[in-house]
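**Q** If you scroll down you'll find the structure; I have some questions about it.
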Amino acid sequence: MPALTLARFQRITPQQLRAFEATARLLSVTKAALELYVSQPTVSVQLRELSATIGQKLFETTGRQIRLTQAGEELYQAVREIAACWQRFESRIAEINGLVSGRLRIAAVTTAEYFVPDLLGPFSAAHQGIEIQLAIENRDRVVGRLQQGMDDLAVMMMPPEDLPLERLEFQVNPLVIISALQHPLAGKPVELADLTTERWLMREPGSGTRMVAEQHFNAHQFKPNVVMSLGSNEAIKHSVAAGLGIAVLSQLAVQQSVWSEQSASAQSRSQYPIALDLPSIRQAGLCILQVSGFPIIRHWSVVWRKDLPLSATAKHFLKYLQSADVLSLQPQDAC
């Protein structure tokens, strides 16, 4: 590293980089200050000093919001790379010493929140030296995190095809059509074409569930009457139960009880899942309609960047995932 560049870098403090990273991620000085447990003026001073040291403006104001400048984007990428590099170093040192410690960063799409904690619980208990950071985001944001190399692993149904990814399919994910419990078609076998006049509620554009549903509809030349797009599974479930329409959702999101005391081997869990928890579905005021061609069977995958080194903690988690008795759901039609 040239002497001038090194001298400039040495004037940058860890506090300045933490303030910058939090502000760049949250796009808010106020939120960054709250997260870092410091005052807002302190963050502002650290950002000004960092900008002066680098000799570039890092943020610009648009109305009441801030956004990164081009120089800020480059620095944000550099800060993430530094953090990831240091984490890999810590993991390798722990591995050399025969210790399983360090940090495991996992991003998961919103529907995966119904089962990912159940996966992490036993793993965390068996590896208490590992700190787990779990980010639950919509699919677009998880893809963005993959692009930026922010996490060790990501859990999703529809991995992007334009990134160099490795994947491990580990869990079946049936997508079902739900209605209110009192719906006239509840309990009756129907064709997809019979639902042409129904009011459809869909997840937001870009979500994995919506992408799979639209692919299925297009393949069957079916055009749903979409009257509402909602950004969460819970909002859709409540809206459907209130009689506002029908929807396609993951069976995982529909029933409250995902796991059973029965176990399945790691080799077969994606093929031979367990039964539905019908009482919890009825209690929520919902019914899974018996529609021809449903459930649509997809799989959950854990993915990681093949062009980035895999941390020791991620390797341990993948081994756990391949060997543990992680259970799946039985795709059934029922009310």
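**Q** Scan the stretch 120-165 for residues that are acidic (Asp, Glu), over 20 Å from GLN87 (Cβ atoms) and not in a loop (DSSP other than H, G, I, E, B) and jot them down.
**A** ASP140
**Q** Within the bounds of the stretch 174-184, is there any residue that is exposed (fewer than 15 other Cβ atoms within 10 Å of the Cβ), farther than 26 Å from GLY243 by Cβ and either in contact with a strand residue (DSSP E or B) (Cβ under 6 Å, 6 or more places away or on another chain) or in contact (Cβ under 8 Å) with a residue 12 or more places away in the chain (or both)?
**A** Within the stretch 174-184, not a single residue is exposed (fewer than 15 other Cβ atoms within 10 Å of the Cβ), farther than 26 Å from GLY243 by Cβ and either in contact with a strand residue (DSSP E or B) (Cβ under 6 Å, 6 or more places away or on another chain) or in contact (Cβ under 8 Å) with a residue 12 or more places away in the chain (or both).
**Q** Which of the residues belonging to the stretch 43-76 are surrounded by fewer than 14 Cβ atoms within 10 Å (Cβ to Cβ) and polar (S, T, N, Q)?
**A** Residues satisfying the conditions are THR61, THR62, GLN65, GLN70.
**Q** THR196 passes all but one of (1) polar (S, T, N, Q); (2) over 29 Å from LEU244 (Cβ atoms); (3) free of Cβ contacts under 8 Å to residues at least 60 places away in the same chain; which number fails?
**A** Evaluating THR196 over (1) polar (S, T, N, Q); (2) over 29 Å from LEU244 (Cβ atoms); (3) free of Cβ contacts under 8 Å to residues at least 60 places away in the same chain leaves (2) as the failure.
**Q** For residues in the stretch 301-313 being modelled with pLDDT under 90 and buried (at least 19 other Cβ atoms within 10 Å of the Cβ), which is farthest from ILE246 (Cα to Cα)?
**A** Residue satisfying both the conditions and the ranking: ALA312.
**Q** Scan the stretch 174-187 and tell me whether some residue there is closer than 17 Å to TRP300 by Cα, assigned by TED's automatic domain parsing to the domain that holds ALA219, part of a strand (DSSP E or B) and among the β-branched types (Val, Ile, Thr).
**A** For the stretch 174-187, residues closer than 17 Å to TRP300 by Cα, assigned by TED's automatic domain parsing to the domain that holds ALA219, part of a strand (DSSP E or B) and among the β-branched types (Val, Ile, Thr): present.
**Q** Output yes when any residue across the stretch 117-133 is free of Cβ contacts under 8 Å to residues at least 24 places away in the same chain, farther than 30 Å from SER323 by Cβ and under 23 Å from the mean Cα position of the chain (by Cα), and no when none is.
**A** No; the residues of the stretch 117-133 include none that is free of Cβ contacts under 8 Å to residues at least 24 places away in the same chain, farther than 30 Å from SER323 by Cβ and under 23 Å from the mean Cα position of the chain (by Cα).
**Q** Looking only at the stretch 226-247, decide whether some residue is over 21 Å from GLY285 (Cα atoms), outside any loop (DSSP other than H, G, I, E, B), at pLDDT below 95 and not β-branched (Val, Ile, Thr).
**A** no
The values are calculated or read from the model by the stated rules, or taken from the named source; none is laboratory data. A quick note: this is a predicted structure, and the numbers were derived from the prediction, not measured. FYI the Cβ positions are ideal-geometry reconstructions off the backbone, even for glycines, and counts take in every protein chain you see.
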